[in-house]
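Take a look at the structure set out below.
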Amino acid sequence: MTGAARKAEKGGVAAAGDGAELFQLTPADVDLDILPELLGYQLRRAQVRVFNSFLKRLDELDVSPGEFGLLVLVGANPGLNQNALAKAIGSNRSLLVPMLDKLEARGLVTREKSAADRRSHAVVPSRAGQVLIARLKGVVRDHERQVTTPLNDEERQTLLRLLCRLNGQEAE
């Protein structure tokens, strides 16, 4: 029995007919069964909400979420080679190179021959890249505060700590 049919039995929205009334259901009319009790379901709903908001904030600065992560890593680790950067973002070099090409074309990073290994390139932020990274960090911190307004500081820190534990990481 569908959620709409269960609601109809309880005196809610009718579930019989040609199905047209199903298109008039609001989210509150849909029986989610066990979904609200599932961690994965709640994590995914929260992730979609946070990520969509994040995309809007970054779009204003013409930066993708992947580029943001890469810029932050380059800013914090100037001179790291492309292989190390790819591993740090959980990617491979073939996916990283086009992203670096785009950032380099925008004048945000440069690739220099590594002093330690002349076969590899060290990636460093340009001055414009450093300025953008600082601005992005402020925008993202502001975004984090906005999306966590339902939580107090202690709850936010607890959530972050627990999520880090689930991800096999230590919270800082």
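Between GLY66, GLY138, which is small (Gly, Ala, Ser), under 29 Å from LEU39 (Cα atoms) and assigned to a helix (DSSP H, G or I)?
Result: GLY66 is the single residue among GLY66, GLY138 that is small (Gly, Ala, Ser), under 29 Å from LEU39 (Cα atoms) and assigned to a helix (DSSP H, G or I).
What is the number of the single condition among (1) surrounded by fewer than 15 Cβ atoms within 10 Å (Cβ to Cβ); (2) in contact with a Ser or Thr (Cβ under 8 Å, 6 or more places away or on another chain) that SER126 does not meet?
(1)
I'd like to know if the range 41-56 contains one or more residues that are closer than 20 Å to MET99 by Cβ, among the β-branched types (Val, Ile, Thr), surrounded by 11 or more Cβ atoms within 10 Å (Cβ to Cβ) and modelled with pLDDT of 90 or more.
No, because not a single residue in the range 41-56 is closer than 20 Å to MET99 by Cβ, among the β-branched types (Val, Ile, Thr), surrounded by 11 or more Cβ atoms within 10 Å (Cβ to Cβ) and modelled with pLDDT of 90 or more.
Kindly establish whether ASN92 is within 19 Å of VAL124 (Cα to Cα) and loosely packed, with under 12 Cβ neighbours inside 10 Å.
Against the criterion (within 19 Å of VAL124 (Cα to Cα) and loosely packed, with under 12 Cβ neighbours inside 10 Å), ASN92 qualifies.
Can you tell me how many residues in the range 113-134 are part of a strand (DSSP E or B) and in contact with a Gly (Cβ under 9 Å, 6 or more places away or on another chain)?
Adding up the residues that qualify gives 4.
If only one of LEU100, LEU71 is part of a helix (DSSP H, G or I) and in contact with a Gly (Cβ under 9 Å, 6 or more places away or on another chain), which one is it?
LEU71
Quick one: would you say THR158 is touching a Pro at 6+ places or on another chain (Cβ under 9 Å) and either at pLDDT 95 or above or not charged (D, E, K, R) (or both)?
It is false that THR158 is touching a Pro at 6+ places or on another chain (Cβ under 9 Å) and either at pLDDT 95 or above or not charged (D, E, K, R) (or both).
The values are calculated or read from the model by the stated rules, or taken from the named source; none is laboratory data. Since the model is a prediction, treat every value here as computed from it, not as a measurement. Methodologically, a virtual Cβ is constructed for each residue, glycine included, from the backbone with ideal geometry; neighbour enumeration extends over all protein chains shown.
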